[in-house]
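Here's the structure we're looking at; comments come further down.
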Amino acid sequence: MRVEAGEVHGFLGPNGSGKTTTLRTLLGLIRSDGGRMSILGQEVPAALPQIARQVGAIVESPQFFPHFSARDTLSLLAGAGEVPQQRVDEVLELVGLRDRAGERVKTYSLGMKQRLAVASALLKNPKLLILDEPANGLDPGGIREMRTLVRNLAESGMTVVLSSHILGEIQLICDSVTIISLGRRVAYGPVDEVLAQHSGGGVRVRLEAVMDLPLAANALHGNGYRVTANQDHLMVAGVDKPATITRLLAEQGLYVSELAPVTVDLESVFLELTNTAPVPGQHRQVDQSVRVDGAAPSAPTGGGWGA
Amino acid sequence: MSLFRTELRRLAKRRFTRWMTAGGLLILALVVVGLFATNEKIGPEQWAEATRAADRSHAEQVRWAEQERASCERAKAAGEDVEYYPADCAEIAPPAREDIQAEWYLPSTFIFKANAPDMLVTLAGILAMVGFVVGASFIGAEWNTGGMMNLLLWRPKRLNVLLTKLGALLTGMLALALSASVAWFGILWLIGSWRGTTEGMTSGVWQSFLLTGLRGVVLVLVAATVGFALASLGRHTAMALGGAIAVMVVGQAGLAILLDLAQVRFGEAWLLPTYVYAWMTKTLTLEDWRSCNASYTGECNPATLDITWQHSSILFTVAVVIFLGGALWTLRRRDIA
């Protein structure tokens with residue numbers, strides 16, 4: 001997993017795949033079995049004391065001492081981290097808690113605690129911001145504000161690593177993604193590339209004359225394409241260069257009226273890559289997802305939530 | 001240094017710290033009120049009243065003796081054999097007036113020199129309990145609410161963080177114990193002045209008192225450290241408090257009964273309060289009443305065992321090393337959940 005400076009990186013995986021464990025390990029909360037990690041060019045956990053000041057993080061659900069106010073909580077963190085106290089008010093304003101900052105955290109909703117957690121991570125004005133499920137518990141307006149906030153932070157030069165299950169948000173916010181399953185990476189790269197790589201190279205083909213579709217299907221099939229015939233169009237899979245289809249059909253006297261790549265969204269790619277798509281009538285268990293260690297993928301045995 | 005100051009602020013801001021400190025001080029205030037209410041200064045008036053009380057008591061004794069002698073003589077005349085009367089009824093005589101001392105009837109008075117050491121034990125005991133629970137809660141609540149994890153994201157050097165927190169706790173408890181001790185001495189002195197006497201204080205006595213007070217402060221710090229370390233080991237305040245209750249109920253009350261049933265020699269030597277008391281009083285002598293060490297006069301004296309403050313200091317050191325060492329070791333080794 002590699003995150004370039006200044007980008008917003010989505011870190012995705014099914015429940016239990018190891019996202020939070022990875023982030024905890026990166027932040028020195030869990031001892032690693034092996035491997036190599038570095039943040040801002042420095043090996044961790046050895047260099048954590050030196051770079052901690054430049055890394056803001058929230059890991060999993062926000063937890064704070066319930067009897068302190070948000071301002072007290074942030075003020076104490078600022079004191080521990082030698083951050084100027086004026087920064088407390090700045091981040092409270094930033095996350096929308098200014099007017100409720102004097103109330104005890106135990107009176108806060110989950111969304112407000114989440115905002116406080118983000119505020120605590122932003123307190124250091126870090127170079128790297130790690131947010132584990134930052135939209136958890138936020139209302140729709142809050143989710144949109146979080147999206148804007150993250151984009152603004154990235155534009156200001158901050159690198160953001162975002163773990164979330166709200167894949168629509170990830171697709172909107174992130175420049176690149178890493179998808180893991182059972183602790184192993186199954187996809188990595190810029191969002192567009194990951195989507196393109198896993199769209200299956202599918203294109204939708206329409207002809208001027210619908211009656212020519214069987215001829216076109218035979219021609220494409222004869223040239224090694226996987227073709228699915230529909231009533232008014234063909235779906236062709238495994239297409240590297242859509243122009244070859246145009247040329248091939250034109251050579252047969254068949255003229256294309258529409259040639260459109262089939263778009264996929266991150267959710268469908270995620271479900272495909274992790275093999276966690278619900279199957280009606282079946283109940284997928286938490287650890288039933290793709291295993292990338294040479295063993296056969298563990299097929300889901302059920303549909304799970306939403307099935 | 002910023003972390004230390006922040007942790008001191010956190011300690012002072014915590015409601016539990018404030019309530020427990022206030023609770024401890026309230027108990028001490030009640031002790032003061034009790035001392036003030038139950039003691040009074042001894043003057044001519046009190047001596048006169050005590051003398052009158054002694055006279056009344058003597059007169060009552062005389063009356064009782066005469067009644068008993070008359071009963072005895074009646075019983076003898078009737079030929080009754082009453083075992084509890086002497087052979088010669090004339091032997092039933094009242095005590096002499098001088099045998100009944102007036103000072104027995106003096107009201108309770110606070111003698112600073114004699115009573116202050118016990119009061120210092122009271123102060124140290126209450127503050128040690130406050131130190132234990134405040135210490136346990138200070139780190140236990142941090143673990144329990146995720147505050148420790150948040151802090152470690154800012155300060156990844158785990159042992160530094162834990163030891164700085166402990167340092168802040170001990171600094172706070174030291175400030176509390178020192179100021180409470182000074183105030184305690186002052187209040188006891190005032191009670192002695194108003195409700196007793198402050199006579200007999202020499203520099204040696206003052207030095208002894210100061211050393212006792214100092215040992216009390218150390219006891220408070222040891223209790224706070226052990227509470228802190230236990231809660232850190234269990235990552236929850238309840239670990240320390242549960243452990244303390246278990247020790248008191250099973251380890252002390254239960255063990256005391258067991259030792260008594262087993263007729264273990266110097267059974268108290270196995271009980272923690274013995275060492276706390278020995279620490280404060282420098283020496284505690286345990287006696288085995290089932291033994292007999294005959295003196296040259298033929299008197300049968302019980303065997304004794306001295307528990308000294310040095311024994312207590314070894315116990316306290318071992319406890320601190322084991323619990324705090326364990327807390328540091330586990331913090332270093334275990335993952336932060």
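Just so you know, all these numbers are worked out from the coordinates, no wet-lab data involved. Nothing here was measured: the structure is a model prediction, and the numbers come from that model. Don't worry about glycine lacking a Cβ; one is built from the backbone with ideal geometry, like all the others, and counts go over all protein chains shown.
Odds and ends about this structure:
- Label point of A:Ala196 set 7 angstrom out along Cα-Cβ; within segment A:239-264, amide nitrogens under 16 Å from it belong to A:239-244, A:260-264.
- Loop sites here are chymotrypsin sites (Phe, Trp or Tyr not before Pro) outside DSSP states H, G, I, E and B with no more than 15 other Cβ atoms within 10 Å. The longest part of chain A free of them is A:1-254.
- Cα-based shape type of segment B:21-74, given that a ≥ b ≥ c are square roots of the gyration tensor eigenvalues and the cut on a/c is 1.5: oblate
- Cα gyration tensor shape for segment B:229-296, rounded if a/c is under 1.5, else prolate or oblate: oblate
- Separation in nanometres of the label points that stand 7 Å from Cα toward Cβ, at B:Leu211 and B:Thr308: 1.1
- On the principal axes of its alpha-carbon atoms, chain A has extents of 76, 42, 40 Å, going from largest to smallest.
- Take every DSSP beta bridge whose two residues both sit in the protein assembly as shown; close to 60 percent of them are antiparallel.
- For the protein assembly as shown, the list of Cys residues with no other Cys C-beta under 4.7 Å reads A:Cys174.
- Amide N of segment B:1-42 lying under 19 Å from the label point, which is placed 7 angstrom from the Cα of B:Leu163 along Cα→Cβ: B:1-8
- Each principal axis of the Cα atoms in chain B has its own extent, and those three values, largest first, are 98, 49, 36 angstrom.
- Euclidean distance between Cα centres, segment B:249-294 to segment A:59-120, Å: 53
- At most 11 other Cβ within 10 Å, DSSP loop - GluC sites (Glu not before Pro), segment A:183-269: A:Glu208
- Normalised convex hull volume, the protein assembly as shown, alpha-carbon set, Å³ per residue: 276
- Shape class of segment B:82-198 from the alpha-carbon gyration tensor: prolate, with a/c at 1.5 or above and a/b greater than b/c.
- Backbone geometry of segment B:149-161 corresponds, through the Karplus equation with coefficients 6.51, -1.76 and 1.60 at θ = phi - 60°, to 3J(HN,Hα) couplings of 5, 4, 5, 5, 6, 8, 10, x, 6, 4, 5, 4, 5 Hz, x marking Gly and Pro.
- Cα-based Rg and Dmax for segment B:130-247, where Dmax is the largest Cα-Cα distance (Å): 18.6, 59
- Of interest is the spacing of the C-alpha centroids, which for segment B:20-87 and segment A:162-202 amounts to 92 Å.
- 5 angstrom amide H check on A:Gly202, placed H, neighbours 5+ away: A:Gly238, A:Val239, A:Val262
- Efficiency of FRET from Cβ geometry, B:Glu83 and B:Ala37, R₀ 51 Å, rounded to 0.05: 0.65
- Taking a point 7 Å out from the Cα of B:Arg290 in the direction of its Cβ, the residues of segment B:226-269 whose backbone N falls within less than 13 Å of it are B:258-268.
- Relative contact order computed over chain A (Cα-Cα under 8 Å; 6+ residues apart), in percent: 19
- Contact order relative to length of segment A:13-100, as percent, for alpha carbon pairs under 8 angstrom and 6 or more apart: 16
- For chymotrypsin sites (Phe, Trp or Tyr not before Pro), no site in segment B:231-291 is both called loop by DSSP and has at most 14 other Cβ atoms within 10 Å.
- Once the C-beta distance of B:Ser108 and B:Arg74 is scaled by a Förster radius of 41 Å, the resulting FRET efficiency is 0.45 to the nearest 0.05.
- Of all DSSP bridge pairs formed entirely within chain A, close to 55 percent run antiparallel.
- Estimated inter-spin distance, B:Ala262 and B:Asp335, nm [label 7 Å along Cα→Cβ]: 4.2
- Cα→Cβ-extended label distance, 7 Å offset, between A:Arg100 and A:His67, nm: 2.2
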